[in-house]
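The values are calculated or read from the model by the stated rules, or taken from the named source; none is laboratory data. Model, not experiment: these values are computed from the prediction. Using ideal geometry, Cβ is built from the backbone for each residue, glycine included, and neighbour counts are taken over all protein chains shown. Surface areas here come from the heavy atoms of the whole protein model, side chains and all, with no ligands, DNA or RNA. Shrake-Rupley method; radii C 1.70, N 1.55, O 1.52, S 1.80 Å.
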Amino acid sequence: MSSVVTFDAGLTLVELDLDFLARRLAERGLVREPETLRAAAPQAWRRYDERVELYARTGGAHGRLWHDLMADLVGDADPAVIDWLWAQQPTANLFRAQIPDMVELARSLHARGVRTAVLSNSEGGLADLLAEVGIADAFDVIVDSGRIGMEKPDPAIFAYTLAQLGVAADTPAIHIGDSWSADIAGALASGWRAIWYGRRAVTVEDPRVACAHDAVETAAALQRFRV
Ligand SMILES: [Mg+2]
């Protein structure tokens, strides 16, 4: 049996590009210097973190989290501008800044024959975005919830990813992501193991879950999982 490693996209492989956001806002006549957005970011992300678990229990969490995050970042913006940014996501995704060492990790796994996929709650244009920013080559498959009508943590999207990879449904698989409720809970419910990645990750008492704050710790966790 081959091993499978899947990656979440937002805040795992790519992050919000605030320079790009500033340029997009300017197209709608809204002046926000990148420095102003950067200053608003810590508080906006704190509020995002608070909402993640709250919204996870309801459907459509991804879109609501996205809207609220942008509203906090942009500050007193016309809601129509946020709606426009959201509508533009499939072709002008704001999460386009690479997290280079995580991309490099995916690339090195792929190069030594591990089956790799992106498994993301996104808006339908993720494959094009990852091609545009030059990282699609690291993955055998890119699964975008916006294209298939199911989203993490639904085990159906994890099973769908294995099917897309062309491997058996019981193939050992590990998912790496920053959201406990979408990525880690979804992986565990699917019978997978998981690496909880990023600033929110904390160690948990579960041998199926590793905690990693950066790519070095992620690589070490994969080794412990014998990938
Ligand atoms: Mg994420």
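Here are the numbers:
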{"item": "Out of 169, 201, sole residue that is modelled with pLDDT of 95 or more and either hydrophobic (A, V, I, L, M, F, W, C) or away from the ligand (no atom under 16 Å from the Cβ) (or both)", "result": "169"}
{"item": "Residue within the range 130-142 that is modelled with pLDDT of 95 or more and in contact with a Phe, Trp or Tyr (Cβ under 7 Å, 6 or more places away or on another chain) present", "result": "no"}
{"item": "From the options 190, 179, residue that is under 27 Å from residue 91 (Cβ atoms), of a type in the set (Gly, Ala, Ser) and open to solvent by 10 Å² or more (accessible area, probe 1.4 Å)", "result": "179"}
{"item": "Residue 24 vs. criteria outside any helix (DSSP H, G or I) and surrounded by 15 or more Cβ atoms within 10 Å (Cβ to Cβ)", "result": "no"}
{"item": "Residue list for the range 27-38, filter: surrounded by 12 or more Cβ atoms within 10 Å (Cβ to Cβ) and aliphatic (A, V, I, L, M)", "result": "30, 37"}
{"item": "Spans of helices (runs of 4 or more DSSP H) in the range 89-161 with at least 1 residues closer than 20 Å to residue 188 by Cβ and open to solvent by less than 60 Å² (accessible area, probe 1.4 Å)", "result": "145-148"}
{"item": "Flag if residue 43 is surrounded by fewer than 18 Cβ atoms within 10 Å (Cβ to Cβ), under 19 Å from the mean Cα position of the chain (by Cα) and more than 16 Å from the ligand (Cβ to nearest atom)", "result": "no"}
{"item": "Qualifying residue in the range 69-88 (condition: modelled with pLDDT under 95, open to solvent by less than 50 Å² (accessible area, probe 1.4 Å) and under 16 Å from the mean Cα position of the chain (by Cα))", "result": "no"}
